[in-house]
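First up is the structure itself, then whatever we jot down about it.
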Amino acid sequence: MIPLKNTATRSSCSIPSLFISLSILCILPISLFFFRSSPTPLSLNPQINLQTSPNSIKVYVPNLPRSLNYGLLENYWDLDSDSRIGSEVDNQIRKTHIGKSSKNSLPYPENPIIKQYSAEYWILGDLMTPEKLKLGSFAKRVFTAEEADVIFVPFFATLSAEMQLIVNKGVFRKKEGNEDYQRQRMVVDYLKQTEAWKRSGGRDHVFVITDPVAMWHVKAEVAPAILLVVDFGGWYKLDSKASNESSSDMIHHTQVSLLKDVIVPYTHLLPRLPLSENQKREILLYFKGAKHRHRGGIVREKLWDLLINEPRVVMEEGFPNATGKEQSIKGMRTSEFCLHPAGDTPTSCRLFDAIQSLCIPVIVSDNIELPFEGMVDYSKFAVFVSVNDALQPSWLVNHLRSYSYEQKDRFRHNMAVVQPIFEYENGQPGGIGPISPNGAINYIWRKVHRKLPMIKEAIIREKRKPPGVSVPLRCHCT
């Protein structure tokens, strides 16, 4: 017989143990909830951002005529030649490769004037990839508009505009005799007849409009949609040669907004430099490009005059042809900092070439908007300088010289982490095939996914308005 004393002792020990165990089991789920629900801090590691996001966004692709996307590629490569600067490489491809390529796997133009805006090609290529091959894609293609979160418009707007500029630049701003305008009209007229557009007013449709001159004639009609743009420069800057302030052609701020639109990267033109291959950099500050630009580019001219005679500063006049590319590779890879002043628009492809070259960007562009902010902290690897400070004699070079070796090294390490985020290309014929889960395309779709609650709210608000009632445009928000 077990003594009563021992039984009591055991009982007094088991009850607190049981209480503690139950308490832990109750507290643990609550703790996990708070840990998982807390906002993810800004991180340079794309893995963290991608793993804490939803699994997919459902995308429907309307069946637009092939002549509005891949048919445009066929027309481009069927041209005898292109006489514009930077077209030498494409003229060579026409002679040696195109006849051997399938029409289903045509490449996007290599001419840097066009290639920098190639997001339309890579995004559609991902959506056209068979589901069994879409191993890392955030966008899940669905085949009815009713089950989709968004509707992607498969129109190569940049290529359409550039084709018109090659074939007949003189009618670009006109409607008569303008094949680009006819294609724009075809896209918009087709969409406006669909139930999906009527249901949402186009608010859940996604257009890729990376080239500032793309969709020029119908921008007001597609403005309610989600616009994938490289910046807002082409939407609100006024070209005094083509218009005046009272003209209906003027593009207003209210047509673009960070609330609904997504800033996407330019396609970089220079190859990626791995951190392991980085070497000593002798040049302090490097810039290659045109000195004279329009609009905000006046700042560039002033900076040029201030910096041209500074020691360890290289300012080169250059154009995006084969020779200019090799010079840029050498210049960016041997320089500590790369200057990024505003030009015709607040940003340019130069920024993303600098990142791929591990050349610390020096951004002198007060109105710049950058891709994936909220996912990427640019202050970790770039230097931001106000125009007023940069235009003070000797201020900029003295500021850059104040950075220690350790600071610059840390910037380059951080830059190496984000290099893949700005990569579109997947190395697949025709751009159709698996993509990098940490690349630009997934980041774009995740950014679109974040806009969905606001877009759905706007669609619902629009439905309850009585007939004839209009709401003033108030999208001038940042």
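Scanning region 404-425 for residues that are touching a residue at least 40 places away in the same chain (Cβ under 8 Å) and not in a helix (DSSP H, G or I), which turns out least open to solvent (accessible area, probe 1.4 Å)?
Of region 404-425, the ones touching a residue at least 40 places away in the same chain (Cβ under 8 Å) are 408, 411-425.
After this cut, where a residue has to be not in a helix (DSSP H, G or I) as well, the list is 423-425.
Details: Glu423: 45, Tyr424: 8, Glu425: 80 Å².
Here the answer is Tyr424.
So which residues in region 83-132 are open to solvent by 50 Å² or more (accessible area, probe 1.4 Å), in contact (Cβ under 8 Å) with a residue 40 or more places away in the chain and touching a strand residue (DSSP E or B) at 6+ places or on another chain (Cβ under 9 Å), if there are any at all?
Met128
For region 279-293, name all the residues that are at pLDDT 95 or above, in a loop (DSSP other than H, G, I, E, B) and surrounded by 16 or more Cβ atoms within 10 Å (Cβ to Cβ).
Within region 279-293, just Arg281 meets the criteria.
What helices (runs of 4 or more DSSP H) lie completely within region 179-229 and have 1 or more residues being open to solvent by 30 Å² or more (accessible area, probe 1.4 Å) and basic (Lys, Arg)?
Once the helices (runs of 4 or more DSSP H) in region 179-229 are filtered for at least 1 residues that are open to solvent by 30 Å² or more (accessible area, probe 1.4 Å) and basic (Lys, Arg), what remains is 179-192, 195-200.
Restricting attention to region 353-393, report how many residues are farther than 26 Å from Tyr424 by Cα, in contact with a helix residue (DSSP H, G or I) (Cβ under 9 Å, 6 or more places away or on another chain) and in contact (Cβ under 8 Å) with a residue 12 or more places away in the chain. Spell out how you get there, then give the answer.
Initially, region 353-393 is screened for residues farther than 26 Å from Tyr424 by Cα, giving 366, 385-393.
Filter once more, so that each one left must be in contact with a helix residue (DSSP H, G or I) (Cβ under 9 Å, 6 or more places away or on another chain): 366, 385, 387, 389-393.
Checking which are in contact (Cβ under 8 Å) with a residue 12 or more places away in the chain leaves us with 366, 385, 387, 390-391, 393.
Residues that pass the stated criteria total 6.
Of all residues in region 426-450, which are part of a helix (DSSP H, G or I) and more than 18 Å from Asn104 (Cβ to Cβ)? Before you say what the answer is, go through the steps one by one.
Start the filter on region 426-450 by keeping residues that are part of a helix (DSSP H, G or I), which leaves 429-431, 440-450.
Correct list: Ala440, Ile441, Asn442, Tyr443, Ile444, Trp445, Arg446, Lys447, Val448, His449, Arg450.
Of all helices (runs of 4 or more DSSP H) completely enclosed by region 91-178, which ones contain at least 3 residues that are modelled with pLDDT of 95 or more?
Per the criteria, 119-128, 157-168.
The values are calculated or read from the model by the stated rules, or taken from the named source; none is laboratory data. None of these values were measured; they are calculated from a predicted model. As a convention, Cβ positions derive from the backbone with ideal geometry for all residues, glycine included, and neighbour counts pool all protein chains shown. Please note that ligands, DNA and RNA were not included when accessible areas were found on the heavy atoms of the full protein model with its side chains. Shrake-Rupley method; radii C 1.70, N 1.55, O 1.52, S 1.80 Å.
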